[in-house]
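In what follows, a single structure is set out as structure tokens and then discussed.
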Amino acid sequence: MSSKPFQTTRDFADALDAFGADLARWPEDLRQEGSSMLDRSTEARKLLREALLVHRVLSERLTVSTDNHLVKAILERKASLDQESKRLNAKEAAKGVAVVRSAMLKRGIAAAILVGGGMLAGSLLSQAGGGEAAGQSTTLNDITSYAESFYL
Amino acid sequence: MASPDPSAELTVQGQAVADDPGAVASVSLEQLADEELMRRIRADDEAAYRVLLLRHVYRAQRLALRLLGDRAAAEDAIQDVFLQIWIRRADWQSQDAKFTSWLYRVVYNRSLDIKRKRREAQIDEAYDPPDEAPDAVTRIYRSQVLQRLRGALSQLPEQQYLTLFLHYHEGYSARESAEALGITLQAVESLLKRGRRNLRESLKKEQLNVQQAFPDD
């Protein structure tokens with residue numbers, strides 16, 4: 001905003017927008033120009049009236065209670081959230097342990113089946129080896145038949 | 001992480017805590033910039049969170065109240081905002097923005113969000129300061145004009161609104177506003193000017209009412 005004299009009410013409006021409705025806060029040279037403009041222009045007085053209304057609304061004081069009840073409420077909700085978060089984490093961790101145990105148990109059973117199967121196969125092969133000496137076949141069908149004989 | 005008794009933590013404000021070793025740390029925390037406090041909060045520092053909360057909660061509440069015109073709704077908005085600061089502390093990027101600038105924008109947007117929902121729910125705002133108008137008719141005109149201005153105020157762009165709020169409501173100088181919003185002094189001056197102009201021009205349709213409402217001003 002330059003400090004040249006006001007030529008029009010538009011210049012005056014520009015100063016109102018730049019410095020506000022309180023002419024006492026305007027730069028000295030503009031303040032004098034503004035006062036002079038107000039003396040001679042109805043339009044300038046209308047503009048000042050509008051600016052004063054704007055100032056009035058902008059300056060409306062809305063007080064808030066500073067008795068800490070809001071701070072207390074926020075900290076309580078935060079504490080509650082933290083506790084819930086901890087509880088969920090613990091639950092998730094416990095769930096994780098259970099999943100691992102279950103997987104280990106399943107793997108244990110599978111391993112036992114494999115080992116048992118291996119031992120059975122070894123035993124069958126060893127017996128089939130004896131039969132081969134007697135001129136018998138060592139095909140898988142023979143082994144299966146031999147195994148099935150235990151259940152018949 | 002959780003505080004067993006949140007109200008007990010309020011002693012962080014600084015009084016009568018000389019015998020409390022924890023309070024010594026809190027007092028020094030109060031001297032830290034917001035951005036440093038946020039860095040500590042990212043590392044789950046609850047004392048830093050309390051200092052930041054106490055430092056900003058009431059100004060943020062006034063901003064929300066100004067936008068919402070309802071104390072309970074403003075408190076809800078501020079609770080949400082400050083809880084989100086804690087919940088999303090890991091997402092804070094100090095290089096992105098000045099904390100106050102970020103906070104005011106979040107409060108502004110959260111408040112407008114609540115306001116929109118309240119409008120959808122057809123709830124009237126309870127914001128009507130006492131009027132010293134001489135008679136009932138003048139009070140009606142006055143109320144209309146002031147409501148129009150308040151409506152226009154809440155329609156201003158975010159940066160204009162925040163700059164006007166800090167300047168008029170919080171008494172910030174242009175330089176202090178520039179610091180809080182992380183913008184230049186020239187930008188603040190320009191925002192103040194455009195904000196005032198926008199509000200003044202919102203009265204153009206109310207000329208008759210302005211005359212009737214404030215005949216002696």
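Remarks
- Residues (surrounded by 14 or more Cβ atoms within 10 Å (Cβ to Cβ) and either in a loop (DSSP other than H, G, I, E, B) or more than 7 Å from every other protein chain (Cβ to nearest Cβ) (or both)) located in the range A:60-80: A:GLU60, A:LEU62, A:VAL64, A:ASN68
- Here A:GLY96 does not qualify as surrounded by 10 or more Cβ atoms within 10 Å (Cβ to Cβ), more than 28 Å from the chain's Cα centre (by Cα) and modelled with pLDDT under 75.
- Condition met for B:ARG197 (within 14 Å of chain A (Cβ to nearest Cβ) and modelled with pLDDT of 90 or more): yes
- For B:GLN147: the one exception among (1) farther than 15 Å from B:ARG66 by Cα; (2) within 11 Å of another protein chain (Cβ to nearest Cβ); (3) surrounded by fewer than 19 Cβ atoms within 10 Å (Cβ to Cβ): (1)
- Residue within the range B:163-173 that is surrounded by 16 or more Cβ atoms within 10 Å (Cβ to Cβ), of a type in the set (A, V, I, L, M) and at pLDDT 95 or above present: yes
- Number of residues in the range B:55-75 that are of a type outside the set (Asp, Glu) and in a loop (DSSP other than H, G, I, E, B): the value is 1.
- Considering the conditions (1) touching a Gly at 6+ places or on another chain (Cβ under 9 Å); (2) within 30 Å of B:LEU67 (Cα to Cα), A:PHE6 is excluded by exactly one of them, (2).
- Qualifying residue in the range A:50-58 (condition: in contact with a helix residue (DSSP H, G or I) (Cβ under 8 Å, 6 or more places away or on another chain), acidic (Asp, Glu), modelled with pLDDT of 70 or more and farther than 30 Å from B:TRP86 by Cβ): yes
The values are calculated or read from the model by the stated rules, or taken from the named source; none is laboratory data. In this text the structure is predicted, and so the values were computed from the model without any measurement. No Cβ is skipped: glycine too gets one built from the backbone with ideal geometry, and neighbour counts run over all protein chains shown.
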